[in-house]
């Protein structure tokens, strides 16, 4: 498999975690999202991913997959013999998807690179206003997620039970960004506890942005 990735892409980070948890070998193909205005915007990459976003995954059947959540579920369904990233029951799977989507669909899209660049370059907001925007949506999203996790008896060592899965693969990259932008995380003890448990695992450690081959 070939992963089209950028070291600071949260969505690509999710895929790295998932691949590592499943024990699936892959090759990196680096797409620098800052160089020359963004390599993801070039025609060559647009032929791979029409959305001009990372990640994209070229499977061992030479098919190109896009959208990180779809890719992770593809990996889970295609490699059922490796640790599952979603639980067995339909109700439990819905619970995990809800946790994952609270991050991937509600927090992350408001704070990703192209949104922040648009705020500055097109809307003319100041650096201080940009950071206020970033912190607002992180805190609002994590406040809801903290309640979802703390109030549920399905929460264990990880977001669901005592094995890491889809929700954890989404959570850790968003936490990396929160720390990078100095968001105060003291109000989120359950999230902080789950983060600590995840980062003790090699699958999460090896996926960290600063350890990637294109990290600068």
Being touching a residue at least 12 places away in the same chain (Cβ under 8 Å) and more than 25 Å from residue 7 (Cβ to Cβ) narrows 104, 98 down to just 98
Of the residues in the stretch 75-88, those that are surrounded by fewer than 18 Cβ atoms within 10 Å (Cβ to Cβ) and in contact (Cβ under 8 Å) with a residue 24 or more places away in the chain number 4
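Would you call residue 157 surrounded by fewer than 19 Cβ atoms within 10 Å (Cβ to Cβ) and touching a residue at least 40 places away in the same chain (Cβ under 8 Å)?
On the way: surrounded by fewer than 19 Cβ atoms within 10 Å (Cβ to Cβ): yes; touching a residue at least 40 places away in the same chain (Cβ under 8 Å): yes.
Yes, satisfied.
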Wholly inside the stretch 119-208, helices (runs of 4 or more DSSP H) that include 2 or more residues that are assigned by TED's automatic domain parsing to the domain that holds residue 105 and touching a strand residue (DSSP E or B) at 6+ places or on another chain (Cβ under 6 Å) are none
Is at least one residue of the stretch 89-101 closer than 20 Å to residue 53 by Cβ, crowded, with 16+ Cβ neighbours inside 10 Å, in the same structural domain as residue 19 (by TED's automatic domain parsing) and out of contact with any strand residue (DSSP E or B) (no Cβ under 6 Å at 6 or more places or on another chain)? no
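The values are calculated or read from the model by the stated rules, or taken from the named source; none is laboratory data. If you're wondering where the values come from, they're calculated on a predicted model, not measured in any experiment. As a convention, Cβ positions derive from the backbone with ideal geometry for all residues, glycine included, and neighbour counts pool all protein chains shown.
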